[in-house]
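Trainee: Please find one structure pasted underneath; my questions will follow.
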Amino acid sequence: MLTGKRILLGVTGGIAAYKAVYLLREFQKAGADVRVTMTPSATRFVGSETFSALSRTPVAVDVFSEDEDDSWTRHIHWGEWADLFVIAPCTANTLSKIVHGTSDNMLTATVLAARCPVLICPTMDGEMYESPAVSKNLESARSMGFHILEPETGYLASGLEAQGRLPDPDVILEESDRIIQNYLTKGPLSGKKVLVTAGPTREYIDPVRFISNPSSGKMGISMADAAARLGADVTLLKGPVSVKESERMNTESFVSADDLFELAKKHSDADVIIMAAAVADLKPAEIHQNKVKKENASEELKLTRTPDILKWLGDQKRENQTLIGFAMETEDLEKNAQGKLEKKNLDWICANSVSGPDSGFEADTNNITLMGKERRKEYSGPKQEIAVRILRDIFDSKE
């Protein structure tokens, strides 16, 4: 039920921290991708290495880590990455910090940065749960929009019988699924059809040779995934790439620019079209049916233009349809992107340079300038996080 969902699991310093290990495994069995952040005191109950080994991702504990240069920005990236932040167990101490905006460790800092729902599972011993301070903090947390899963009554670590036990993993998973599904129906792209293109085109010379580019499709697939996370009904048109898309969308494949053009026309009724594919501008004027032997090959290759798909979409754009293009340049980035924005009747264009080592075709990170007719904004970081931020900034601003 959680296939393809991204769960950020927060673990705080209570005896129930050991149960979070089992919760992590149950999230994974349900198909979720899980990352873990812990408070420093939680590591006194369960070592971070346990969660790191099971999640196959380093565990975030401290805002500043001597072992990782970029650890201090992780709360931002993980806050963008997650579909749901589950804090289980959540101690009275951490609950108080969340309510009052304290950010003295990675977990509490990530709560402030999270752009997804947060589910708090308060867990504590004795009469703590019914104390006036905790009751007031729970009330405040609910008023702030946090989701609260009430603890169960039973035998506690102290030997007392009271309310304070962490619910079983299946209860937490059921509540997590309910929150995510409800969130998707209220997302800024809920009810909208979104078309996304990704990857390169191949323009064949003969059956074994073609003209192409090194596009990996990572940015386009990240945009498709982000649109799905924000509630859209997504159709992804992807070229020949090895990157796998999630199960959240319908997928059709293309090879050449002509193939993509036909598919784009077929789906041009989408409410939002995101043209992130790296489409060849030129193709061979003649395609040979058989492999051209070296001794028979000409030293010249005659080329002709491929269809300008983005311009066609701009010319056909309907009222209330949003068209987003991409511009990859090696020089005069903003000038060329601005020209493309205007000439092709786009609403937005994502301009990024391919000249840097941390952006462009094969990189997992990117540096993008989002340009509209009256607004512009810059983004840097992992492509998955950038994609969510771009779509939120475009469509939240239209609400």
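Bear in mind these aren't lab numbers, they're just calculated from the coordinates by the rules spelled out. Treat the numbers as computed from the prediction; the structure is a model and nothing was measured. Virtual Cβ from ideal backbone geometry, glycine too; neighbours counted across all protein chains shown.
Trainee: With everything on Cα atoms, drop me the angle between helix 218-229 and the longest principal axis of the chain, reported from 0 to 90° to the nearest 10.
Mentor: Relative to the chain, helix 218-229 is tipped by roughly 50 degrees.
Trainee: Now for a different question. Before anything else, pin down the relative contact order of the chain: Cα pairs under 8 Å, at least 6 apart, normalised by residue count, whole percent.
Mentor: Relative contact order for the chain comes out at 11 percent.
Trainee: At 222 nm, what value in deg cm²/dmol follows for the chain if DSSP H runs of at least 4 each add -39500 (n - 2.57) and the sum is divided by all its residues, to the nearest 500?
Mentor: -9500 deg cm²/dmol
Trainee: Starting from the range 7-104, pick out the GluC sites (Glu not before Pro) whose DSSP state is loop and whose Cβ has at most 11 other Cβ atoms within 10 Å.
Mentor: Here the sparse-neighbourhood loop sites are E66.
Trainee: Taking the number of other C-beta atoms within 10 Å as the exposure measure, put T91, T50, T73, T123 in order starting with the fewest.
Mentor: Starting with the residue having the fewest Cβ neighbours, the order is T73, T50, T91, T123.
Trainee: I would also like to ask the following. Can you give me the pair-distance distribution of the range 6-185, C-alpha pairs, 10 Å bins, whole percents?
Mentor: 10, 41, 38, 10, 0
Trainee: Could I ask something else about it? Report the rotationally averaged projected area of the range 292-334 based on its alpha-carbon convex hull, in square nanometres.
Mentor: Computed as one quarter of the Cα hull surface, the answer is 6.0 nm².
Trainee: Which chymotrypsin sites (Phe, Trp or Tyr not before Pro) does the range 63-170 hold that lie in a coil by DSSP with at most 16 other beta carbons within 10 Å?
Mentor: When the chymotrypsin sites (Phe, Trp or Tyr not before Pro) of the range 63-170 are filtered for loop state and at most 16 Cβ neighbours within 10 Å, F64 remain.
Trainee: Between Rg and the Kirkwood Rh of the range 193-395, both from Cα atoms, what is the Rg to Rh ratio?
Mentor: Reported Rg/Rh (Cα atoms, Kirkwood Rh): 0.98.
Trainee: What are the ³J(HN,Hα) values, in whole Hz, obtained from phi via the Karplus relation 6.51 cos²θ - 1.76 cosθ + 1.60 with θ = phi - 60°, for each residue of the range 123-133 in sequence order, with x given for Gly and Pro?
Mentor: Once rounded to whole Hz, the list reads 9, 7, 9, x, 9, 4, 4, 9, 5, x, 5.
Trainee: A further question on this structure: Nearest-5 percent of antiparallel DSSP beta bridges in the chain?
Mentor: 35
Trainee: Nearest 0.05, what FRET efficiency do E139 and V243 give at R0 = 41 Å with Cβ-Cβ as r?
Mentor: About 0.35, to the nearest 0.05.
Trainee: Averaged over every viewing direction, what's the projected area of the C-alpha convex hull for the range 108-229? Give it in nm², one decimal, please.
Mentor: 12.7
Trainee: Output wanted: per-residue J couplings in Hz (rounded whole) for the range 376-387, from phi through Karplus 6.51 cos²θ - 1.76 cosθ + 1.60, θ = phi - 60°, x for Gly and Pro.
Mentor: 8, 8, 10, 9, 8, x, x, 4, 4, 6, 4, 4
Trainee: To continue, here is another question. With a cap of 13 neighbouring Cβ atoms within 10 Å, and only residues DSSP puts in a loop, list the trypsin sites (Lys or Arg not before Pro) found in the range 210-251.
Mentor: Of the trypsin sites (Lys or Arg not before Pro), the ones in loops of the range 210-251 whose Cβ has at most 13 other Cβ atoms within 10 Å are K244.
Trainee: Answer with a single label: of [x] 48, 21, 19; [y] 38, 24, 23; [z] 41, 26, 23, which was calculated as semi-axes √(5λ) of the Cα gyration tensor in Å from the structure in view?
Mentor: [x]
Trainee: In whole Hz and in residue order, list the ³J(HN,Hα) couplings for the range 3-18 that follow from phi through the Karplus curve 6.51 cos²θ - 1.76 cosθ + 1.60, θ = phi - 60°; x for Gly and Pro.
Mentor: 4, x, 7, 10, 10, 9, 9, x, 10, 10, x, x, 4, 6, 4, 5
Trainee: Shifting gears a bit: What's the angle, to the nearest 10 degrees (0 to 90), between helix 257-266's Cα axis and the longest principal axis of the chain?
Mentor: 60
Trainee: Semi-axes of the range 279-399's equivalent ellipsoid from the Cα gyration tensor, sqrt of 5 times each eigenvalue, largest first, rounded to whole Å?
Mentor: 34, 20, 13
Trainee: Please work out the Cα convex hull volume for the range 126-176 and give it in Å³ per residue.
Mentor: 67
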